[in-house]
Ligand SMILES: [Zn+2]
């Protein structure tokens, strides 16, 4: 079982490699990276001339919806969407039904991944509180033992600061972060888009940036108090970037992610009344989008995560203020980021690769994120010249809720390899 990926531009930020080289994979692990590697007998050869060979991309914020919402997505369809989108690993959020707040649900998800999955690695994230109700702690130790790599009530904010503090203290020895959906319920209540000029013009109730900023500030202070690692999910405001940047400078253990849609779209997109522009946190202003991009470039924001949130078409149609929150992201993220950020020179390609591979792996202490010898042979290969128009009907995901339908993009994922095996359909 060996594979030689020949003649691609290898970008491995963890090893400071950016050069045209070959990658030899033996028995599911990286054996060697270098120029002119001789093919051993029986090796499968993949010609990657003109392509970009990267450590496998890891999406740490995905909703696979199983168990309970199989009409939106399943582990089978979600991991196929991940493979098609160039991701070799995904972390799945706990807001399933039943909620992933005890070890038996974690084991169920991992079993589905083993038996029905595409081969893409699945790492469950356990709930912080029982039933995501924000009242009492979930079975945190049991979740950790069953395989959860982090803890989050994502979809809801844990409003009780004392309970959140205790969650941080309890999980601190596990070495797994608490992931914060930072949104003050009272400030956000009733809002359906960003609060500002556009919401006023459209006559829609707004959610102020402060609904996010106050919670990011609280969580930074709780991380400082407890010494725990807090990770901010889908950071979307200039204020939150400033708070995280200042906290990191003081040595607080806070990390953050940003979604492709908060980098690429603004609240202006809501003017077309498409339910697919409704999300939590909402699309923000141009100034916010510029600030999160700057934070991503300078490392204030550690990684890009899609917040892949599948919903049935019926849940996104009709009145804007009744549409469900969120969009699918696994199959559009890489092409959007390459076309809209890398091609215009807004973000260097090696930085993008680092924020999708090395940095999420480090953040959650996951295997992968590197092409160093001995690392798992999880590899994402990009085709920088591929052109495609986003067609939701062609998605492997069960859901079609994207605001990017019809966008023509240059650059995208070419092959997805997990443990030395091609998983691209
Ligand atoms: Zn969230």
Can you order the peptides 411-422, 129-140 by their average number of other Cβ atoms within 10 Å per residue, highest first? 411-422, 129-140
Cut-off 10 angstrom, C-alpha nodes, Gaussian network model of the chain. Which of 29, 284, 358 fluctuates the most? 29
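For residue 38 and residue 16, calculate 0.36 nm times their separation in residues minus their Cα-Cα distance, and state this gained length in nm to one decimal. Walk me through the intermediate numbers first.
Numbers: separation 22, 0.36 × 22 = 7.92 nm, distance 2.31 nm.
Value of the extension gain: 5.6 nm.
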Using mean Cβ contacts within 10 Å as the protection proxy, how do 191-204, 73-86, 3-16 order, highest first? 73-86, 3-16, 191-204
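Restricting to the range 37-157, what percent of DSSP beta bridges are antiparallel, rounded to 5? Don't jump to the answer; show the numbers that get you there.
On the way: 1 of 10 bridges.
Here the share of antiparallel DSSP bridges comes out near 10 percent.
Multiply the residue separation of residue 386 and residue 313 by 0.36 nm, subtract the distance between their alpha-carbon atoms, and state the gained length in nm to one decimal. Before the final figure, lay out each step's value.
Values: separation 73, 0.36 × 73 = 26.28 nm, distance 2.87 nm.
Extra length available between residue 386 and residue 313 comes to 23.4 nm.
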Can you give me the C-alpha center-to-center distance between the range 308-351 and the range 266-291, rounded to a whole angstrom? 11
Computed lengthening from residue 70 to residue 169, 0.36 nm per intervening residue step minus Cα-Cα distance: 32.2 nm
Between residue 136 and residue 271, what FRET efficiency comes out of the Förster formula 1/(1 + (r/R0)^6) with R0 = 45 Å and r the beta carbon distance, rounded to 0.05? 0.60
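Output the relative contact order of the chain, whole-number percent, from Cα pairs under 8 angstrom with separation of 6+ residues.
On the way: 1083 pairs, mean separation 86.4, N = 425.
Result for the chain is 20 percent.
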Using a simple spin-label model with points 7 Å from Cα along the Cα→Cβ vector, what separation in nm is obtained for residue 393 and residue 29? 4.7
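As a test of the formula, what do you get for the chain when each DSSP H run with n ≥ 4 contributes -39,500 (n - 2.57) and the sum is divided by the residue count, at 222 nm and rounded to the nearest 500 deg cm²/dmol?
Values: 13 runs with 118 residues, N = 425.
Result for the chain: -8000 deg cm²/dmol, rounded to the nearest 500.
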With both bridge residues required to lie in the chain, what share of the DSSP beta bridges run antiparallel, to the nearest 5%? 50
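Every read-out reported here was derived from the displayed coordinates using simple, explicitly stated rules and does not represent laboratory data. For clarity, every value in this text was computed on a predicted model and none was experimentally measured. All Cβ positions, glycine included, derive from the backbone under ideal geometry; neighbour counts span all protein chains shown.
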